[in-house]
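**Student:** Pasting a structure below so you can have a look.
The values are calculated or read from the model by the stated rules, or taken from the named source; none is laboratory data. This one's a predicted model, so the numbers in the text were calculated from it and none came from an experiment. Ideal geometry is used to build each Cβ from the backbone, glycine not excepted, and the neighbour counts take in all protein chains shown.
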Amino acid sequence: MNVKTKLSDCLRPLMLGALFLSTAASAAVQSIDKVVAIVDNDVVMQSQLDQRVHEVQQTIAKRGSAVPPASVLEQQVLERLIVENLQLQIGERSGIRITDEELNQAVGTIAQRNNMSVEQFRAALTRDGLSYDDAREQIRREMVISRVRQRRVAERIQVSEQEVKNFLASDLGKMQLSEEFHLANILIPTPESANSDAIQNAAKQADAIYQQLKQGADFGQLAIAKSASETALEGGDMGWRKAAQLPPPFDRLLSTMPVGDVTQPMRTPGGFIILKVLEKRGGQTQMRDEVHVRHILVKPSPIRDEAKTKALAESLYSRIEAGEDFGELAKSYSEDPGSALNGGDLNWIDPNALVPEFREVMAKTPQGQLSRPFQTQYGWHVLEVLGRRATDSTSQAREQQAMTVLRNRKYDEELQTWLRQIRDEAYVEIKLPGADQAAQ
């Protein structure tokens, strides 16, 4: 349906100040640029590493945390760049391309999240000494990686109705759908074929970190310096998770923990993990506001410019006001294929599923009345509000939450396995001074 909007869940949000080197800073490192890693058919350059380390340092500083020296960050950042490079090479081989239109739309979405226009966003980056072109390139890279992961990982994940029913009926499902947790983690890894000495050393390292945390050490700083988790450079921040997405015994332990507390190190297949509860939120009965609305959409075209399109919308508005039937005019003129044959009827709809301009006009239009013609990204609309109601969507929401939990759990597991696989199968030669050299 044309008035609905959906942002890709895979694209990670890049907030204002997501921190790119200025042109001057980039130029400063060009004279000493060199290869720091060979990655299959590509390389990672010193300038890329320096730039990303700089970004991470600025991100940490903006959080108000102490910024570790570059030498502490370099190996973590280099490993992330290697894995990103591999995914970009897969995207290149797969023919994944981001068009200028798609990139502009993504930039616009990011600006909107920061309550700015694109021009304001560009000006803000300039004021901060950040490069708009570098920002666009980083967004493009993340969009490519997102699509690679969608094709290679997300599209393979299936959750059946029976799995959802089983989860909802389980004690764990009932418990976890009532509460979720904002978590951070520190992972001390153990190789798959680790011997007892390696496991014991990892356990000692994890316990030493736990003791530092109990004595007041900063969790984010220790995660950046010590963790092998993919979220290490974000201070270990994992975002919001259901306990069902986590390995036992964390699934039941977290409900009893106060916000701010950390778990003792626990053994998992990947190593020893420590979790911190940053926030909690519960799931009570969920009421959802819905609006019964119908609309007529007319779009500009090569034979009808913007002015003529607006004039047509005004004409249709006047004809309805004069007594002509809304539904018949929608069937004849509306260019929304999802609703035109139904007389423009969108049925009962959640306002949050609509683009902002449509949602705002709908909110201001009294029940039983017609809106003046207005414009969205899709064209010109006239709408009529037929009714409003509050619906108990708890059951539906719980099913959707269960589906999301199960998909996320499978996705997280599959993604980590896939990332390890492409890393293990790649030829990687690290040339960073002081780092262990690895090649396959």
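**Student:** So, ARG97, is that one surrounded by fewer than 16 Cβ atoms within 10 Å (Cβ to Cβ), more than 30 Å from ASP40 (Cβ to Cβ) and of a type outside the set (Val, Ile, Thr) or not?
**Tutor:** Judged against the criteria, ARG97 is not a match.
**Student:** Where the second residue is of a type outside the set (Phe, Trp, Tyr) and surrounded by 12 or more Cβ atoms within 10 Å (Cβ to Cβ) and the first is without any contact (Cβ under 8 Å) to a residue 12 or more places away in the chain and lies in the range 352-371, which pairs have Cβ atoms under 6 Å and are six or more apart or on separate chains?
**Tutor:** Sorted first by the residue in the range 352-371, then by its partner, the pairs are ARG359/PRO351.
**Student:** Within the range 192-208, does at least one residue satisfy the condition of being under 21 Å from the mean Cα position of the chain (by Cα) and not aliphatic (A, V, I, L, M)?
**Tutor:** no
**Student:** Name the residues in the range 34-77 that are touching a strand residue (DSSP E or B) at 6+ places or on another chain (Cβ under 8 Å) and either modelled with pLDDT under 85 or among the basic types (Lys, Arg) (or both), would you?
**Tutor:** Result: LYS34, single match.
**Student:** Are there any pairs, at least 6 apart or on different chains, whose C-beta atoms fall under 6 Å, with the first in the range 217-240 and of a type in the set (D, E, K, R) and the second modelled with pLDDT under 90, and if so, which?
**Tutor:** Once the first residue is of a type in the set (D, E, K, R) and sits in the range 217-240, no partner that is modelled with pLDDT under 90 comes close enough.
**Student:** Mind checking which pairs have a first residue in the range 177-203 that is closer than 14 Å to ILE273 by Cα and a second that is of a type in the set (D, E, K, R) and surrounded by 16 or more Cβ atoms within 10 Å (Cβ to Cβ), Cβ under 6 Å, 6 or more apart or different chains?
**Tutor:** LEU183/ARG241; ALA184/ASP237; ALA184/LYS276
**Student:** Would you be able to tell me the number of residues in the range 362-406 that are part of a helix (DSSP H, G or I) and either among the acidic types (Asp, Glu) or at positive phi (or both)?
**Tutor:** Selection size over the range 362-406: 1.
**Student:** Of all the residues that make up the range 62-77, how many are over 22 Å from the mean Cα position of the chain (by Cα) and either at negative phi or aromatic (Phe, Trp, Tyr) (or both)?
**Tutor:** 11
**Student:** I'd like the full set of residues that are in a strand (DSSP E or B) and within 37 Å of the chain's Cα centre (by Cα), limited to the range 303-361.
**Tutor:** Matches in the range 303-361: ASP345, LEU346, ASN347, TRP348, ILE349, LEU354.
**Student:** Related question: Which helices (runs of 4 or more DSSP H) does the range 98-196 wholly contain that include 2 or more residues that are outside the structural domain of ARG241 (by TED's automatic domain parsing) and under 23 Å from LYS62 (Cβ atoms)?
**Tutor:** Where helices (runs of 4 or more DSSP H) fall fully within the range 98-196 and carry at least 2 residues being outside the structural domain of ARG241 (by TED's automatic domain parsing) and under 23 Å from LYS62 (Cβ atoms), they are 100-113, 118-127, 132-152.
**Student:** Out of ASP251, ASP218, ASP261, report the one residue that is at pLDDT below 90, acidic (Asp, Glu) and not assigned by TED's automatic domain parsing to the domain that holds GLN57.
**Tutor:** None of the other options fit; the residue is ASP251.
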